[in-house]
Structure formats: structure tokens, C-alpha cells
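A.B. asks: First, the structure itself, so that you have it in front of you.
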Amino acid sequence: MAQPLTTSVAVGAGSEAVARTTLDDPSLDSEAIREARRDLAACFRMAASLGMGEGICNHFSAMVPGRDDQFLVNPYGLAFEEVTASSLLICDFDGHVLSGAGYPEATAFHIHARLHLNKPAGRAAFHTHMPNATALTMTEGEPLLWAGQTALKFYGRTVVDDRYNGLALDSTEGDRIAAALGDADVVFLRHHGVIVTAPTIAEAWDDLYFLERAAEVQLKAMSSGREVLSVDPAVAASTAAQMRLEDPESARLHLASVRRRLDRLAPDYAD
């Protein structure tokens, strides 16, 4: 499923070769960057504890603070539960590893580099095959039915990419996924998984967490065999607007709570 990014040969059929050069720039070690590393590592660890990981596949990325041409991403070969702040890589859009040991998985680079390049407001991008949200990518119709309050957080913010095209092993497929996302914050990739984008790591985590919760409760309702009742569209829209007003601060506090829990239970995430 996962494929490593390599240096001088193409990755997979029809994919582009991407250079891999570790440069270790000391300017990439500011306190702001270290804090972003800790935040992102905390997201990996909590996602793992909630069953959102998938082996050594799936990836989270975030733009380097103060930079518009470099992003943090997990290295190929680590499960979510193994990720630490210092193990995260900094890459540029040309496929060079500027800081860190190792290299990103091929689809991680081609998806995330093109998302960040094409959607600058999406400073964080989280891609998972988390089971409940992914299950909804495999069913007919719109994934979310807008039947539960948690789902209303995403009302008017999602899109479906109906064109499953195999692995994203070149920038063309990354660009296509970015185009499918458009102005939405969340894309359901048909037969594949989901991508959540947000202005901050905290907001990306908050959306990822609640998207999976919304999908889980919807699937439970669907499995009851009884009709699932959707919320009136006008009420759904007004509720979504109410939630959006609170989202940045609520997300900040949510991630802070995650880090406090990890400080007690798995403090090595911040190493």
C-alpha cells in the first residue's frame, strides 16, 4: 500500500522521480517550529490511540511556521504511535528533505506538497483511512446525512472526489486531488479515505476527530434498520455557522487537552 519516496528512480508505474537530499538547516530549529512539531506529534499519537492509524500508511502535514514553501510530515516507516516531535521531517515542494532522518512515503509527498501549494490557506492537512469516515466513502450518495449535531460542524464544508484513480504517485494526481478539494475543508476520497485541511494544526485535529465521531454515530443509526432523519437544512446551516464561530478557540483547547493527556501517559511524543 505505502511506497517510499526514492532518489533516482521513479516511484511506481507512471510516477515522477523526486530528489531526496537532507540539508539540515539550523534555521529550521526555532521555538515556533519545535512547538509545531510537538503539536503535530501529539495529533499522531492521539489518532493512534483512537484507532485512526493504518499501519505505516497515512500522513499528517503542516506548513513550517513562518514559511510558505516548506512543510512538516511524518517519515516513511513509522506507525502513528511511534511518531515523535523530532522524528518529523521538513520537506520543500521539490521533494528535498531539509531537516530530519529518512524520507516521506511517496503518496504523502505528492498529496501534501500539492495540497499546500494549491491551497495556501490549508496550513495543515491530515489524511487518514480512519474506519468510519472511510466506510462512508464506499456507500452510495453523499457521505454525511446531516442527521446528527456533530455532523453539522461540517455542513457546507465537504466535497466528494468521485474519481478513484489509484495511488497518488505523481504531482499530477496530487494536483487533481487538490482541485477536487477546491474551497472545501474536507474531501471524501471515494473508495479511499478522507483529507481534512485547516488553517492550524489544532483545527485540523479538531475536524479529524469530530469527522470520525460523526461518521461513527451515523453508521450506528444506519445499522439500526430504521429511517435516519436529517436536520432541516435551514437549521443545519445556522447551527454550522454557530459552531464555526467557536471552532478556532475550541480547537486550541481540544489540542491542549490532548497534549496534557499525552504528557501524563506518553510524554515521549514531545521528544
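A.B. asks: On full extension of the chain, what length is gained from SER238 through THR139, given 0.36 nm per residue of separation minus the C-alpha to C-alpha distance?
C.D. replies: Values: separation 99, 0.36 × 99 = 35.64 nm, distance 2.73 nm.
Length difference between fully extended and current span is 32.9 nm.
A.B. asks: Among ILE201, PRO233, TYR269, pick out the residue whose Cα is farthest towards the positive end of the charge dipole of the chain, where Lys and Arg carry +1 and Asp and Glu carry -1 on C-beta, about the Cα centre.
C.D. replies: PRO233
A.B. asks: Just how large is the dipole of the chain about the Cα centre, in debye to the nearest 20, putting +1 at every Lys and Arg Cβ and -1 at every Asp and Glu Cβ?
C.D. replies: Numbers: 23 positive and 37 negative charges, 108 e Å.
About 520 debye.
A.B. asks: Along its principal axes, what span do the Cα atoms of the chain show, with the longest given first and each in whole Å?
C.D. replies: So the three principal-axis extents are 56, 44, 29 Å.
A.B. asks: Starting from 0.36 nm per residue, how many nanometres of slack lie between ASP183 and ARG260 once their C-alpha separation is accounted for?
C.D. replies: Details: separation 77, 0.36 × 77 = 27.72 nm, distance 3.31 nm.
Answer, rounded to one decimal: 24.4 nm.
A.B. asks: For MET130, what residues show an amide H to amide H distance below 5 Å, using hydrogens built from the backbone and excluding near sequence neighbours?
C.D. replies: Distant-sequence amide H within range of MET130: VAL194.
Bear in mind that the values in this text are calculations on the coordinates, not laboratory data. Model, not experiment: these values are computed from the prediction. Backbone-built Cβ (ideal geometry, glycine too); neighbour counts: all protein chains shown.
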